[in-house]
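Structure record follows, encoded as structure tokens.
The values are calculated or read from the model by the stated rules, or taken from the named source; none is laboratory data. No experiment lies behind these values; they were computed from the predicted model shown. Glycine also receives a Cβ, built like all others from the backbone with ideal geometry; neighbour counts cover every protein chain displayed.
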Amino acid sequence: MYFFNYRGAGMIKRFVILILFPILVFLLASPVYAQVPPETKFTCIVLGAGGGIEDDNLSCFLIAEKDSSDFICLDAGSLYSGIKKAESAGLFNEILIPENSGLLKSAAILQNNVKAYLISHAHLDHISGLVQASPSDTQKTIYGSSATINFIKDNIFNWQIWPNFADEGSEFQLKKYHYQVVEPNVEFQVTGTSFTAKSFTVSHQEPYTSTAFLIGNNGNFILYICDTGPDAIEKTKNLNTIWENISTLVASKKLHAIFMECSYPDPRKANELFGHLSPVWMISELTNLEGICAKNGFHQALQGLNVIVTGIKPGIKSGETSVELIKKQLSESNNPGINFIIPLQGERIDF
């Protein structure tokens, strides 16, 4: 009996080594099993997701650390109206305000929970909500490139288009907002938050530029790329520079999402993109990122990566909508296995 057990154990051991172990190695090496979804670290409240003619649904995203209600605001096209829609959808139910504050909850969130503004560029569809909300806002910092800050300072808060709610520029300065110029590829702390950010220059129809922000929190990151044209059309290497900078974050699953604008469905002539992307160019740029990851030894690195598709211009023609077309076209060309997300205004996204 003892001999039988010993012999049986040996047979089981050989079976495990010769049969089960190679299968286990294969499964662990398989991309299906190797791509483990990263733990949720961020919350996004979509205050505005689109672009173009819908002036009540323009680019504006609140970003918070998971389980926090302290937000940074990425662009501010539809700010207060977006807060009200998100509140109506129950997305701020966990935020309590003092009963004696005398404020509407939406106003309290604007004043107390939105901590800072990171502005990609000064086109109206990215700043109009900030301008409109400024009389009822509280003291905050506006972060942007020197060009973005100068456009806002000289052309908006100048007592001609709008009162000067900032601490620089035309007299009299109401000193509600502080301008902070960010330098490309230099990390900075976002005041009043646990977030850091690093800016990159992108081309929004040369010579006009926009700013991308790499947002960090405790070793986890998101990338916000707003209006930009593809490198091949803009004749730059701006996006390629970003891909080189983030490839290791993508491979290590420390980059939890890329926000990326895609204004028009295909087909779209190159000279009619006006510094924007369409699905074919979005896929092209993300394929470039995948190639850089592979060159660095990280294969299939984009599989499961969250790419949040922003700035879709709704169009004014009847028939299939731009959103439907772009969703279908991205899906048909999605060889890298990206998790494309088309956000809706008043929606919460955790990633």
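Residues that are in contact with a Phe, Trp or Tyr (Cβ under 8 Å, 6 or more places away or on another chain), of a type in the set (Phe, Trp, Tyr), within 21 Å of TYR208 (Cα to Cα) and crowded, with 21+ Cβ neighbours inside 10 Å are absent from the range 159-180. Assessment of the range 108-116 against the conditions (at pLDDT below 95, of a type in the set (S, T, N, Q) and not in a strand (DSSP E or B)) yields no matching residue. The residues of the range 122-139 that are out of contact with any Leu (no Cβ under 8 Å at 6 or more places or on another chain), outside any loop (DSSP other than H, G, I, E, B), crowded, with 19+ Cβ neighbours inside 10 Å and not aliphatic (A, V, I, L, M) amount to a single one, SER134. The residue that is nearest to LYS313 (Cα to Cα), among those in the range 280-289 that are within 17 Å of the chain's Cα centre (by Cα) and not β-branched (Val, Ile, Thr), is MET282. Taken over the range 83-96, residues that are part of a loop (DSSP other than H, G, I, E, B) and surrounded by fewer than 18 Cβ atoms within 10 Å (Cβ to Cβ) amount to 6.
The set of residues in the range 41-55 being assigned to a loop (DSSP other than H, G, I, E, B) and either among the aromatic types (Phe, Trp, Tyr) or modelled with pLDDT under 95 (or both) consists of GLY51, GLY52, ILE53, GLU54, ASP55. If you take the residues in the range 292-306 that are of a type in the set (S, T, N, Q) and in a loop (DSSP other than H, G, I, E, B), which one is nearest to the chain's Cα centre (by Cα)? The qualifying residue nearest to the chain's Cα centre (by Cα) is GLN303. With respect to (1) without any contact (Cβ under 8 Å) to a residue 60 or more places away in the chain; (2) surrounded by fewer than 22 Cβ atoms within 10 Å (Cβ to Cβ); (3) under 17 Å from GLY51 (Cβ atoms), the lone exception for TRP281 is condition (2). Residues that are out of contact with any helix residue (DSSP H, G or I) (no Cβ under 8 Å at 6 or more places or on another chain), part of a helix (DSSP H, G or I) and either farther than 18 Å from LEU239 by Cβ or at pLDDT 95 or above (or both) do not occur anywhere in the range 252-270.
Could you tell me how many of the residues in the range 187-240 are basic (Lys, Arg) and touching a Gly at 6+ places or on another chain (Cβ under 9 Å)? Selection size over the range 187-240: 1.
Can you confirm whether ALA257 is closer than 21 Å to ILE222 by Cα, crowded, with 23+ Cβ neighbours inside 10 Å, in contact (Cβ under 8 Å) with a residue 60 or more places away in the chain and of a type in the set (Gly, Ala, Ser)? Against the criterion (closer than 21 Å to ILE222 by Cα, crowded, with 23+ Cβ neighbours inside 10 Å, in contact (Cβ under 8 Å) with a residue 60 or more places away in the chain and of a type in the set (Gly, Ala, Ser)), ALA257 qualifies. Mind checking whether some residue in the range 307-322 is modelled with pLDDT of 95 or more, hydrophobic (A, V, I, L, M, F, W, C) and not in a strand (DSSP E or B)? No: zero hits.
The set of residues from the range 65-82 being in a strand (DSSP E or B) and either charged (D, E, K, R) or within 17 Å of ILE312 (Cα to Cα) (or both) comprises GLU65, LEU74.
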